[in-house]
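In what follows, a single structure is set out as structure tokens and then discussed.
Only the coordinates and a few stated rules stand behind these numbers; no lab work does. Everything quoted here is computed from the prediction, not taken from an experiment. Here the Cβ positions follow ideal geometry from the backbone for every residue, glycine too, while neighbour counts run over all protein chains shown.
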Amino acid sequence: MKRILIVDDEQSMRELLAILLKKEGFDVSTAGSRREAASALAGAGVDLVLTDVRLPDGDGLEILRHVKAASPATVVIVMTAYGTAETAVAARKLGAEAYVLKPFDVDEVRIVIRDALAARDLRAENVRLKREVGERYGLDQLIGVSEVMASLFEMVRAIAPTSSTVLITGESGTGKELVAHAIHALSSRADKPFVSVNCGALPDTLLESELFGHVKGAFTDAHQAKKGLFEAAQGGTLFLDEVGETSPAMQVKLLRALQDRRVRPVGGTEETDVDVRVVAATNAALEDRVKEKRFREDLFYRLQVIPVHAPPLRERREDVPLLAQHFCERFARAMDKRVARVSDAAIEALQRYSWPGNVRELENVIERAVALETTEAVLPERLPEAIRVPVRGSGPAALGPGFSLDAHLRAIEAQLLLEALAQAGGDRARAAGMLGVSPRSLRYLLHKHAAAADKNWQA
């Protein structure tokens, strides 16, 4: 049972609030002055303090300072009948969770208290889980309590001490690079470099130079010799993202480097020994590409000594509230906004959505919501339409006043487009085939939704 201390010099106000909050299931104590409050706070711990600003022997801001100095996790809500902007700003700066003006509606106070405690509990839970994960697995950047994430944590902890090559598979946005960082952080190479390169973002000639380096004069702009990323990662970990996008010629060079543990710079004749652990990642189905002769079978098996799968967000929906709260707090700090939590209604919508863009899409959605939010909790109205509107597989549509058939159909179309792109690994031709439309029609649909939705459409 949560404990609340009410501090107010008016006995009638103390009694009213005590009756109200006891009915809500709280353990309530009261104080009529700053001295009585200090005595109450010296006893058993208090979860929330609801204090008036004006007291006969001081003011509530002094109580606020005392509470935050002694117990930063305790929630303080300030109330007053003499509200000024200066007092409100001072209370906020000192750490007050909320500022309530008298006279107030009792339901308003009930909601403010409930929301403040819920936000405090979510923050505490997130800190606890991150500390537990960090202590047990060294995975402080990965957040999740689902079974699939627990299995992933266990796998990372088991393979990190080895030097075996790892292939991380998973859809775009599932956090494959974070998994790679965790493997490195828990390994004996943790004090050595972690170097990453996106193989799909560079043309062959530039990728070869990036990975293996080049000698002076190797090509037109090679004005001086440069070491490659294999050498830059010496003793540490080299992360090859989107390795499935490499060309056949580059695959041969990668295979040789992995087999021989030696690299030769572009334009050079001498080879250099490298001691590097390679962790690769892909959102493509490499087994299919091997069958289609688009990816070398020998390189595939050389990379997949230890396979690790990063699960899509739709397979761990129970992690959505923690992830959403984590992103909410992060962006609220970055934007200097008082958005403390994600509302229950918004969480319901987020958990109902299928997240074809996975954690990265959730991160973008929460960033947008925090930027738009004007209250202390992210409301459903701040979420994109495709997430707000229930779609197929999420139950019947909420027909009635406010329902829009056009909006509902647009949301369904948007989600199907995103799902097709995710399942096709970003291959638009395959996505068009899955949807039964031409590539040109798909391009038109992507442009249409790019103008109407707040998403990172790749049009």
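Over 29 Å apart at the Cα level, from the set K293/K448; K337/K448; K2/K93; K2/K176, are K293/K448; K337/K448; K2/K176.
Label positions at T220 and D273, each projected 7 Å from the Cα along the C-beta direction, are separated by 3.9 nm.
Report the one residue of T375, Q351, I183 whose Cα lies farthest in the direction of the positive end of the charge dipole of the chain (charges on C-beta: Lys and Arg +1, Asp and Glu -1; origin at the Cα centre). About the Cα centre, the residue reaching furthest to the positive side is I183.
Relative to the longest principal axis of the C-alpha atoms of the chain, give the angle of the C-alpha long axis of helix 320-335, reported between 0 and 90° and rounded to the nearest 10°. Result, in degrees: 80.
Which percent, to the nearest 5, of DSSP beta bridges fully inside the chain are antiparallel? Could the numbers behind the result be given before it?
Working: 6 of 44 bridges.
Percent antiparallel among DSSP bridges in the chain is about 15.
Taken along the Cα-to-beta-carbon direction at a fixed 7 Å, the label points for Q234 and D27 span 6.2 nm.
Could you tell me the calculated FRET efficiency between A18 and K448, based on Cβ-Cβ distance and R0 = 45 angstrom, to the nearest 0.05? The value I calculate is 0.20.
With +1 on each Lys and Arg Cβ and -1 on each Asp and Glu Cβ, how big is the dipole of the chain about its Cα centre, in debye rounded to the nearest 20?
Working: 61 positive and 65 negative charges, 160 e Å.
Once rounded to the nearest 20, the dipole reads 760 debye.
Against the main long axis of the alpha-carbon atoms of the chain, helix 60-70 sits at an angle near 50°. Once the Cα-Cα distance is subtracted from the 0.36 nm per residue extended length, the R262 to S71 segment shows a gain of 63.1 nm. Sequence-ordered 3J(HN,Hα) estimates for region 336-343 from the Karplus curve with 6.51, -1.76 and 1.60 and θ = phi - 60° stand at 6, 10, 8, 9, 8, 7, 9, 5 Hz, glycine and proline given as x.
Of interest is the spacing of the C-alpha centroids, which for region 7-33 and region 142-216 amounts to 55 Å.
With the helix formula -39500 (n - 2.57) applied to DSSP H stretches of n ≥ 4, the chain reaches a computed 222 nm mean residue ellipticity of -14500 deg cm²/dmol. Taking amide H positions as modeled 1.01 Å from N, with prolines and chain starts lacking one, the residues under 5 Å from V100 and 5 or more places away or on another chain are V78, M79, T80. Principal-axis analysis of the Cα atoms of the chain puts helix 358-372 at an angle of about 40° to the longest axis. With the simple model of a label 7 Å out from the Cα in the direction of the Cβ, D57 to R430 spans 7.4 nm.
Each of S12, I111, L240 was placed along the dipole of the chain (beta-carbon charges, centred on the mean Cα), and the one lying farthest toward the positive end is L240.
Excluding G45 itself, what net charge comes from residues whose Cβ is under 12 Å from its Cβ, given Lys and Arg +1 and Asp and Glu -1? Don't skip to the answer; put the middle values down first.
Numbers: positive: K2, R3; negative: D27, D47.
Here the charged neighbours net out to 0.
In terms of the mean number of neighbouring beta-carbon atoms within 10 Å, the peptides 11-22, 311-322, 172-183 order highest first as 172-183, 311-322, 11-22. Projecting the Cα atoms of F230, H214, N198 onto the charge dipole of region 176-233 (Cβ charges, centred on the Cα centre) puts F230 farthest toward the positive pole.
If you average the C-alpha positions of region 338-374 and of region 288-337 separately, how far apart do those two centres end up, in angstrom? Each part's Cα centre sits 18 Å from the other's. When both region 40-93 and region 408-428 are represented by their alpha-carbon centers, they are found 50 Å apart.
Going through the cross-link list K253/K291; K23/K102; K22/K102; K227/K253; K192/K291, which pairs have a Cα-Cα distance over 26 Å in this structure? Walk me through the numbers on the way to the answer.
On the way: K253/K291 20 Å; K23/K102 21 Å; K22/K102 21 Å; K227/K253 16 Å; K192/K291 37 Å.
As for pairs spanning more than 26 Å Cα to Cα, those are K192/K291.
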